[in-house]
Amino acid sequence: MQTFDLEAQGLRALNSTLHALKGQTNQTAWEIINPKGAHAIAVGLDAAVDVTVRGSTGYYCGGMNKLATVRIKGSAGPGVAENMMSGTVIIDGDASQYAGATGRGGLLVIKGNASSRCGISMKGIDIVVHGNIGHMSAFMAQSGNLVVLGDAGEALGDSLYEARLFVRGSVKSLGTDCIEKEMRPEHYEILADLLKRGEADGKAKPQEFKRYGSARKLYNFNIDNASSY
């Protein structure tokens with residue numbers, strides 16, 4: 001494992017080193033120590049490497065991730081895993097606002113709570129939150145899955161498109177055009193897989209969740225073009 005002391009060596013050197021790991025590399029395991037809430041740690045990665053951050057992070061940790069696995073052994077500031085394309089980001093603690101915003105792919109796991117606007121404008125990312133989420137989560141979410149083992153705040157799924165929202169606990173209120181929907185066999189299958197990949201299958205069962213989605217009254221929806229939305 002390669003160890004990088006962020007306090008001693010600096011953020012620019014860290015990200016430059018990680019960005020150079022494209023294609024085949026035998027330096028696949030990295031440990032970042034002394035993050036001390038620094039912003040933009042391990043952003044824009046484009047290699048199948050495993051990066052562990054030993055401590056809490058500031059803004060945008062793991063943003064624009066592609067292929068990499070980023071593990072945060074602490075809590076994350078705003079915009080963690082923002083615009084993620086693929087790979088995995090796992091947070092042992094809590095996440096601040098707009099976690100996973102605009103994410104196009106990959107998996108974001110938050111083992112604590114997430115603040116407001118979790119999954120805002122998500123475009124294919126899967127997000128599993130072991131705790132609660134704040135208000136306006138999944139606002140304008142277009143596709144992907146948001147799984148919440150705890151409770152959801154106000155205006156869940158406001159102006160939602162075709163993302164699927166699974167909530168185990170209570171929902172304070174639903175946003176405009178977001179409604180509760182039937183849980184069909186395929187949804188239980190999707191949810192079981194997400195719980196397993198999100199390291200939450202021992203904490204909850206798919207049958208304990210409700211599904212929420214778009215009423216499709218705010219935009220011109222054609223089921224024949226569903227894959228394009």
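Here are some notes:
Yes/no matrix, rows are residues, columns are (1) assigned to a loop (DSSP other than H, G, I, E, B); (2) out of contact with any helix residue (DSSP H, G or I) (no Cβ under 8 Å at 6 or more places or on another chain):
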{"position": "Phe4", "(1), (2)": "no, no"}
{"position": "Lys36", "(1), (2)": "yes, no"}
{"position": "Ser56", "(1), (2)": "yes, yes"}
{"position": "Asn83", "(1), (2)": "yes, yes"}
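- Any hit, the range 158-176, residues being over 19 Å from Gly77 (Cα atoms), surrounded by fewer than 20 Cβ atoms within 10 Å (Cβ to Cβ) and without any contact (Cβ under 8 Å) to a residue 12 or more places away in the chain: no
- Selection status of Glu154, acidic (Asp, Glu), in contact with a His (Cβ under 7 Å, 6 or more places away or on another chain), assigned to a loop (DSSP other than H, G, I, E, B) and modelled with pLDDT of 95 or more: yes
- Condition met for Val147 (surrounded by 24 or more Cβ atoms within 10 Å (Cβ to Cβ), touching a residue at least 60 places away in the same chain (Cβ under 8 Å) and not in a loop (DSSP other than H, G, I, E, B)): yes
- Taking the criterion of being more than 19 Å from Met84 (Cα to Cα) and either out of contact with any Asp or Glu (no Cβ under 7 Å at 6 or more places or on another chain) or without any contact (Cβ under 8 Å) to a residue 24 or more places away in the chain (or both), the residues of the range 117-132 that qualify are His130, Gly131.
- Filter pass, Ile179 being among the aliphatic types (A, V, I, L, M), part of a strand (DSSP E or B) and surrounded by fewer than 24 Cβ atoms within 10 Å (Cβ to Cβ): yes
- If you filter the range 6-34 down to residues that are in a loop (DSSP other than H, G, I, E, B) and of a type in the set (Gly, Ala, Ser), you find that the one that is surrounded by the fewest Cβ atoms within 10 Å (Cβ to Cβ) is Gly23.
- Residues that are within 13 Å of Val128 (Cα to Cα) and either in a loop (DSSP other than H, G, I, E, B) or modelled with pLDDT under 95 (or both), drawn from the range 193-208: Gly198, Glu199, Ala200, Asp201, Lys203, Ala204
- Within the range 37-88, considering residues that are polar (S, T, N, Q) and within 14 Å of the chain's Cα centre (by Cα), the one surrounded by the most Cβ atoms within 10 Å (Cβ to Cβ): Asn65
- Top-ranked residue of the range 106-127 - restricted to ones that are on the phi < 0 side of the Ramachandran plot and of a type in the set (Gly, Ala, Ser), ranked as surrounded by the most Cβ atoms within 10 Å (Cβ to Cβ): Ala114
- Residues of the range 38-54 classified as hydrophobic (A, V, I, L, M, F, W, C), in contact (Cβ under 8 Å) with a residue 24 or more places away in the chain and not in a loop (DSSP other than H, G, I, E, B), total: 1
- Residues that are of a type outside the set (Asp, Glu), farther than 13 Å from Asn65 by Cβ and part of a loop (DSSP other than H, G, I, E, B), drawn from the range 85-98: Gly93, Ser96, Gln97, Tyr98
The values are calculated or read from the model by the stated rules, or taken from the named source; none is laboratory data. The structure displayed is predicted, hence computed values, not measured ones. Note that each Cβ is placed from the backbone with ideal geometry, even for glycine, and that neighbours are counted across all protein chains shown.
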